[in-house]
Amino acid sequence: MKFILIVIYIFVIFLISIIYRNFNPHNKEAIRKIIHIGMGPLIPIAQYLKIDQNSALYFTGIFSLLTLLNYLYKLFPTIEDVDRKSFGTLFYCLSLFILIYFFWDKDPTSLMAGFFIMTFGDGFAGLIGKNFKSKSWFILNQKKSFFGTMTMFCTSLIIVFCLSYFQEYYFHLNVITIALLATILEQFSIFGIDNLVVPISSGILFNFFVKVYRLQN
């Protein structure tokens, strides 16, 4: 029953993306970002349903395999329908698998820090950067914009601050450090590698700073 609810939620997100595509077929990036951002609440939902770590790993592993098959055979082209070569969707699933492996039971807040920065931070950065004109530049042939970059930083900062507050960590220079590092790493998005590097680095850094803070207090 628990996984049925998860599957229903994922199905609804995909359904929303399909409906949006019917009305805006040319905005390919926005269609992908609906799925990208929509997956964000999955972790707190799964934690609320008390899904165990092994089940979460199996589910994510199966989803990663389906993502790989989709990349190879384009079974659901909406996910991979972009104007550049990218393994971002596969890295997205792989990073979630790694975060679940390291933090599911030991430190779910660090898991959420890494996953939320990827889903919401990177997701909204892509939407804002694509739809609002601002000063832009290229890093490794990947276009980045001022508005997109600032959205990534501000969203990451809000995420880390809110999660830190729940850990009684409150505002600290390290909160800014995590958000800044995530923003810098997001600049290097060739082949979608940022979907792997950003969440894992953010989760590990959040876990490290919170542990250090607790040891000092």
Filter the range 12-26 for residues that are touching a helix residue (DSSP H, G or I) at 6+ places or on another chain (Cβ under 8 Å) and either over 18 Å from residue 63 (Cα atoms) or not aliphatic (A, V, I, L, M) (or both); the one that is surrounded by the most Cβ atoms within 10 Å (Cβ to Cβ) is 17
What are the pairs with Cβ atoms under 6 angstrom where one residue, in the range 1-16, is under 13 Å from residue 55 (Cβ atoms) and the other, located anywhere, is hydrophobic (A, V, I, L, M, F, W, C)? Sequence gap at least six, or different chains. 2/49; 2/51
Here is a list of conditions, (1) in a helix (DSSP H, G or I); (2) at pLDDT 85 or above; (3) surrounded by 14 or more Cβ atoms within 10 Å (Cβ to Cβ), and residue 31 meets all of them except one; can you say which number that is? (2)
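Would you point out which residue out of 4, 51, 18, 8 is under 23 Å from residue 129 (Cα atoms) and either in contact with a Phe, Trp or Tyr (Cβ under 9 Å, 6 or more places away or on another chain) or in a helix (DSSP H, G or I) (or both)? Spell out how you get there, then give the answer.
Details: 4 fails: under 23 Å from residue 129 (Cα atoms); 51 fails: under 23 Å from residue 129 (Cα atoms); 8 fails: under 23 Å from residue 129 (Cα atoms).
Just one listed residue meets the conditions, 18.
The values are calculated or read from the model by the stated rules, or taken from the named source; none is laboratory data. Computed from a predicted model, the values in this text were never measured in an experiment. For neighbour counting, all protein chains shown are included, and Cβ atoms are generated from backbone atoms with ideal geometry for every residue, glycine included.
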